[in-house]
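The values are calculated or read from the model by the stated rules, or taken from the named source; none is laboratory data. None of the values given here were measured: they were computed from a predicted structure. A quick note on method: Cβ atoms are made from the backbone with ideal geometry, for glycine too, and the neighbour counts reach across all protein chains shown.
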Amino acid sequence: MTITAVEPAAAPPRAHPAPVRVSVARTPLPPHAPLALATELRRLLGEDQVFLFESLAGPDEDCRFAAVGAETLARITVRDGQAVLDGAPELVDRLHPLVDRAAGNVQRLLETLHGAFSVETDVPLDSYAFGFLAVLGYEAAWHLEQLPPRAPGQDPEITLTLFRHFVTYRLDTGESDQLQAHADEFGGPGVLGDGLAGLVRALPDDAETPLPAAPSPYAVRRTVRREEFAERVERCLEHIRAGDVYQIQIGHRVEVTTPLAPLDAYRRLRRSNPSPYMYLVPWAGRTLVGASPELLLRIEGRTLAMRPIAGTTARAEDPAEDARRVAALHADEKERAEHIMLVDLCRNDVARVSVPGTLAVERMMVVEHFAQVHHLVSTVSGQLADGSDVFAALRATFPAGTMTGAPKVRAMELIQEIEGRPRGAYAGALGLIDVRGQAATLALCIRTAVHDPVTGSYALQASAGVVADSTADGEWRETLIKMSAVYAALTGEVLTA
């Protein structure tokens, strides 16, 4: 079934369908590596039935948990303003009235899903128990903001997937739990049944698995030449000089064709660039392989937090040179001005759904250290107002200002005009949303390769923030720094200018 994104005429109110009653059993599991479990589940169930999130390195505030999900129950896919629901027949039948009740409005569909399930569990409300693996492509913004019409794209704007099994890992304690969801509509115990604990006990030590090499030959295609990128930067500067915008995030794409499988690409990426938000996620017949440093939003109870990143410098092997680069980044007036501008944008977004007086900048412009780069990072938080939930927070904050520029809507209009093609998953977000509405973690979809099994290619993309004193060469180098870790994981080589 499909719905369109056209706002319908007023209709008589209809009773909300009764929620699907779900019980979630929590079972402690023996110690094991999330990657080892995900690898075995992919072998048993298929690559499209398993996702992996890991948090391997970075600030403690971001390195909190890992998760593995298995056995798809249902999926909602929104593409070109139409929603398609597929999955377990009885569950699809129960969710069908919710899609119908949305009556053609994607925002209403998302709001309606908040009350679609009633969950019985001992998992605290501010922790993940049962919910959606959410992937929001950049073009999901067209359902959340008033933007100029765009050409249809091949990628879905939104996918929301329910899984029968979750394994959650608390990185501070080393403990892990299986969260197994049961409902009459789920159609039996599934393939794994209650056998996950036995499977975990038989897992190999992932550390003993040799790291795969980057195979050759491979082909590399740049969709934008350096000269073309310079022209894009100049167009941005013209709009900035005219007072149209203060900053625009403009980027380009590199495509790498290689026989390297997504799991092997992920293994190489996690070794070379361990990051706080790493993922191996099936998406629309493709696979997202990512090592994102940046949180879009986190909801714990009624607390909403965002951690915008703006300001980047590459790490150096020599400690003295590395310290010099950190000091230079923190003192760079261009980077500081850009960062303050984007923090202000973030504050405005958070304030839209927060209780007045609770908005806070907890940390401002701190240099945080990652595997291959240093970033300037801030933390903005607020307490969600009554009537605001995770979907209201998404409407207020998506896409991240660090992916667009400021003012956000005008910057997005210019990005559409200047880049001239959909961004797809890049600059969107992905993560977990608990259906009870008080737990969510979504990371920005950056430092990511999108694998297409039909062509055997990986698409990489990065942007740089153009401001009044930007240079084309400087912004070009910044995009290459941002793509370098993923490129090296795929090819074993350095991405050169």
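With respect to THR358, is the statement that it is surrounded by 16 or more Cβ atoms within 10 Å (Cβ to Cβ), farther than 28 Å from LEU460 by Cα and not aliphatic (A, V, I, L, M) true?
Criteria met by THR358.
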Residue within segment 132-141 that is loosely packed, with under 14 Cβ neighbours inside 10 Å and at pLDDT below 95 present: no
Condition met for VAL68 (in a strand (DSSP E or B), in contact (Cβ under 8 Å) with a residue 40 or more places away in the chain and surrounded by fewer than 18 Cβ atoms within 10 Å (Cβ to Cβ)): no
Residue satisfying condition, being farther than 18 Å from GLY465 by Cβ, touching a Pro at 6+ places or on another chain (Cβ under 8 Å) and β-branched (Val, Ile, Thr), within set THR258, THR223: THR258
Check on HIS114, in contact (Cβ under 8 Å) with a residue 60 or more places away in the chain and in contact with a Phe, Trp or Tyr (Cβ under 7 Å, 6 or more places away or on another chain): yes
Residue list for segment 236-280, restricted to those being small (Gly, Ala, Ser), outside any helix (DSSP H, G or I) and surrounded by fewer than 21 Cβ atoms within 10 Å (Cβ to Cβ): ALA242, GLY243, ALA261
Some residue of segment 147-165 being out of contact with any strand residue (DSSP E or B) (no Cβ under 6 Å at 6 or more places or on another chain), touching a residue at least 24 places away in the same chain (Cβ under 8 Å) and over 23 Å from ARG286 (Cβ atoms): yes
Lone qualifier among ALA396, ALA439, ALA406, ALA427 - being at pLDDT 90 or above and over 25 Å from HIS114 (Cα atoms): ALA406
Residue in segment 5-21 that is buried (at least 18 other Cβ atoms within 10 Å of the Cβ), at pLDDT below 90, touching a strand residue (DSSP E or B) at 6+ places or on another chain (Cβ under 7 Å) and farther than 21 Å from HIS165 by Cβ present: no
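Give me the residue from segment 249-283 that is of a type in the set (Gly, Ala, Ser) and under 17 Å from ALA488 (Cα atoms) and, out of that set, modelled with the lowest pLDDT.
Of everything passing the filter in segment 249-283, SER272 is modelled with the lowest pLDDT.
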Segment 379-393, residues that are of a type outside the set (D, E, K, R) and either modelled with pLDDT of 95 or more or more than 19 Å from the chain's Cα centre (by Cα) (or both): THR379, VAL380, SER381, GLY382, GLN383, LEU384, ALA385, GLY387, SER388
